[in-house]
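Throughout, read-outs are computed from the coordinates displayed, never taken from laboratory work. Remember, predicted model here, so these are calculated numbers, not experimental data. Because the Cβ atoms are built from the backbone with ideal geometry, glycine has one as well, and the counts that use them run over all protein chains shown.
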């Protein structure tokens, strides 16, 4: 007879915590999602691109967090990362995959270099799909699965429903994420895997800091859009300063993971619905007024 302290008994009384893989956890919304999941009893496997970020996060979250150092666009590295995760899970499956990693490189589409446009698509669209394909078996997309299927949560945006000037490339990728989410949800229904999109608006993060690093106004100062870009930057700064914290986003992610019947999408800003209901030209006027661009012609 096994004693109460035997390993077999411990495994029965203390099942492993459900594991969620979150991409892009070094800062911003991904950081908030990881911290929220950890505080609600999950084990988090979080992707970062730099070893230094991995060390800092491991120090911050010494329990139940494992950093995975890889770039979502590095498809050649993904098989090794999958094997690493398989080893960490020790025969268990992932509870969920949260595709959060993304970038936003802005500018007037007339002048934005195609290499930059491709880079945004590479991370936000192709990287998302590559990671999803790689981890689908660990989410239960296989015939010999034991236990419930996992969930996929894709980080979309209100930009997946509307497009504002100078964020067109980003918006195009988020429209693509909407399509991927719908297609994956329908195709993966044969495995019972639910797929949801989270669609936040402006959230308090490091958006402005990253935008300043891009030097958008400086890069396009020689174009006819120079005055518009200066005003656009001021407007984004004002919106960032008054934006809410990412609490609604993290709550929506958990709902998509835990709810018996999660929503197919979680629009978290009313502008998402307004953009779908208003006629195009009426919404054009609303956007220009909101950004202060109606005063510059």
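Computed over the chain with a Gaussian network model linking Cα atoms closer than 10 Å, the most mobile of 233, 140, 127 is 233. In this simple spin-label model, placing a label point 7 Å from the Cα along the Cα-to-Cβ direction at both residue 122 and residue 286 gives a separation of 3.6 nm. In this structure, residue 231 and residue 274 have a Cβ-Cβ separation that, at R0 = 25 Å, corresponds to a calculated FRET efficiency of about 0.70. Computed per residue of the chain from DSSP H runs no shorter than four, each worth -39500 (n - 2.57), the mean residue ellipticity at 222 nm is -14000 deg cm²/dmol.
Assuming R0 = 35 Å, what is the FRET efficiency of residue 264 and residue 49, from their Cβ-Cβ distance, to the nearest 0.05? Walk me through the intermediate numbers first.
Details: r = 30 Å, r/R0 = 0.86.
Computed FRET efficiency for residue 264 and residue 49: 0.70.
For the chain, a Gaussian network of Cα nodes joined below 10 Å ranks 188, 136, 68 by mean-square fluctuation, and the top entry is 188.
Using a simple spin-label model with pseudo-atoms 7 Å out from Cα toward Cβ, residue 69 and residue 114 lie 3.6 nm apart.
Could you give the length gained by full extension between residue 238 and residue 14, i.e. 0.36 nm per residue of separation minus their alpha carbon distance, to one decimal place?
Working: separation 224, 0.36 × 224 = 80.64 nm, distance 4.85 nm.
Taking 0.36 nm per residue and subtracting the Cα distance, the gain is 75.8 nm.
Estimated from the Cβ-Cβ distance and a Förster radius of 30 angstrom, the FRET efficiency linking residue 179 and residue 247 is about 0.60.
Normalised by the number of residues in the chain, what is the relative contact order in percent for Cα pairs under 8 Å and 6+ residues apart?
16 percent
Once you compute Rg and the Kirkwood Rh from C-alpha atoms, what is the Rg to Rh ratio for the chain?
On the way: Rg = 20.8 Å, Rh = 20.5 Å.
The Rg/Rh ratio comes out at 1.01.
Compute the long axis of helix 51-60 from its Cα atoms, compare it with the longest principal axis of the Cα atoms of the chain, and write down the angle in degrees, 0 to 90, nearest 10. Helix 51-60 and the main axis of the chain meet at about 70 degrees.
To the nearest ten degrees, helix 28-39 and the longest principal axis of the Cα atoms of the chain are 30 degrees apart.
How do 202, 155 line up, fewest other C-beta atoms within 10 Å first? If you can, show how the numbers build up before the last one.
Values: 202 16, 155 26.
Ordered from fewest to most neighbouring Cβ atoms within 10 Å, 202, 155 come out as 202, 155.
Once the Cα atoms are used to define both axes, helix 247-258 deviates from the longest principal axis of the chain by about 40 degrees. The fewest-to-most ranking of 174, 83 by surrounding Cβ atoms within 10 Å reads 83, 174. In terms of other Cβ atoms within 10 Å, 73, 181 run from fewest to most in the order 73, 181. Extension gain, residue 84-residue 221: 0.36 nm per intervening residue step, less the Cα-Cα distance, totals 44.7 nm.
Label-to-label distance for residue 133 and residue 59 is 3.8 nm, based on points extended 7 Å past Cα in the beta-carbon direction.
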